[in-house]
Amino acid sequence: MDDLKPTNIGNAKTVNEICSPILQLSMLRFEAIFDFYSEEPSSINVQLNQGEQKHKLEQILRIRKWGNNAKSYSWSIYSQQREWNENATNDFGIDNNLIVRQVIWDMKVDADKSKNCSPIANQHLIDLWPSIYTKNFYIDSKESSELINQISDFDKLMEHGISLNSNNSPSWNWKDLEVMRLFDWGQIHTTWSPIKGNVDIEKKIDEFDEYLSLIIGRSTCEIHSLDLDYSINPEMFKKIITGKM
């Protein structure tokens, strides 16, 4: 079979494929890079000790909250399995090992950089990375049982999907909230703004935020390496966003 590039047809005389080189505003460029880092990678390879076989863990849960002024963040959890049975918390096998990934974008720092920039300074901003930092922590099975229980409790809130109700007095401390959860049967993936809401899920997310900060803060496990398996190299993605390709 010939290796042919897909063709575009439609009711226009011409259908052109283009790639606009630059997002015009610095904060939009920074947000695009945050979106990339907070959604990726879809999988992480783990090597516990040098020379040993690597184990692939996939992203099974992602929580993202986009802020208005202060910060945006995401939490992602990676595992070799998507669901656990009742005996999972007593199983100290590799299947119960998890990775917790946190991505935080300090929006205020970057907003301050972008304000009142001269044209020359704005050109300099194109080459800068946003104020993003990540934490990637491997949680072995001896420490993961409580986290698995937390995920299972969260699953019970979502077992019939995420229902949203109108919010008559929205708080605009954030602008969008996302939950993505992979199950053996498929996935639940919902994003909403403060105009809508789910009190129980949003409360659980706040609890998750505190708990996950605690669990990575107290982690004592050390391993040889983590391979963050991005769909595209982050440096290359930044070049595309800034039109430097």
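The values are calculated or read from the model by the stated rules, or taken from the named source; none is laboratory data. In this text, all values refer to a predicted model and were calculated from it rather than measured experimentally. Here the Cβ is made from the backbone with ideal geometry for all residues, glycine too, and neighbour counts use every protein chain on show.
A few remarks follow.
- Filter pass, residue 53 being among the polar types (S, T, N, Q), at pLDDT 90 or above and surrounded by fewer than 20 Cβ atoms within 10 Å (Cβ to Cβ): yes
- Boolean, residue 219 is at negative phi and either loosely packed, with under 10 Cβ neighbours inside 10 Å or among the basic types (Lys, Arg) (or both): no
- So residue 76, is it buried (at least 20 other Cβ atoms within 10 Å of the Cβ), assigned to a strand (DSSP E or B), among the small types (Gly, Ala, Ser) and modelled with pLDDT of 95 or more: yes
- Search result, residues across the stretch 21-46 that are modelled with pLDDT of 95 or more and not hydrophobic (A, V, I, L, M, F, W, C): 35, 37, 38, 39, 40, 41, 42, 43, 45
- Considering only residues in the stretch 158-185 that are within 16 Å of residue 84 (Cα to Cα) and surrounded by 12 or more Cβ atoms within 10 Å (Cβ to Cβ), the one that is farthest from the chain's Cα centre (by Cα) turns out to be 158.
- Of the set (1) within 21 Å of the chain's Cα centre (by Cα); (2) under 24 Å from residue 40 (Cα atoms), all apply to residue 198 but (2).
- Qualifying residue in the stretch 107-125 (condition: closer than 23 Å to residue 47 by Cα, under 18 Å from the mean Cα position of the chain (by Cα) and at pLDDT 85 or above): no
- Taken residue by residue, the stretch 28-43 has at least one member that is touching a residue at least 60 places away in the same chain (Cβ under 8 Å), part of a strand (DSSP E or B) and not hydrophobic (A, V, I, L, M, F, W, C).
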